[in-house]
1. What does the extension gain come out to for residue 33 and residue 92, with contour length at 0.36 nm per residue minus their alpha carbon separation?
2. Counting other beta carbons within 10 Å of each Cβ, put 111, 95, 57 in order, fewest first.
3. Ranking 84, 115 by Cβ neighbours within 10 Å, fewest first, what do you get?
4. Sort 90, 60, 70, 51 so that the residue with the fewest other Cβ atoms within 10 Å of its own Cβ comes first and the one with the most comes last.
């Protein structure tokens, strides 16, 4: 039990270390490892949820976070780095996701997240100095496997479609959560 408690307490320190690391930009050549991990995560999503590929064809951009780490004990935190791709697959920018949560929760997990930006206003919101706050701003639809099966490209009406996939670890509980996504240059 003490081993798990130490692990849970170490996760926020890991998140702080990740947040303080160097920030790649497209201008300085980017981060090839992060880009490769993001492309691999996106392919994993397409393999497990083929409808996501249909959404990509209509999206104006896709932001992929190949590894978001989340941990908490009553109060939780999450964080990770990601890449924004244009429809042609070109890297547009690098982003950081951070989040906090509060409620009955305990554990740690990592997962991948892909956000399909369907409108120019969603892209503008994300690339602005304030970034994108999930829960405020553009309408975000969290797509699960059941919803993905029934989606058609003619029913897409939201600004952002988010897929969470590749979960590892154990995180249980109920709580309030918010996420904020900003460019690396916009701390």
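1. 19.7 nm
2. Fewest to most other Cβ atoms nearby, the residues stand as 57, 111, 95.
3. Working: 84 23, 115 28.
If I rank by nearby Cβ atoms, fewest first, I get 84, 115.
4. Values: 90 9, 60 14, 70 23, 51 19.
By the 10 Å Cβ count, ascending, the order reads 90, 60, 51, 70.
No lab work stands behind these numbers, since they all come straight from the coordinates. Predicted model only: the values in this text are computed from it and were never measured. Backbone-built Cβ (ideal geometry, glycine too); neighbour counts: all protein chains shown.
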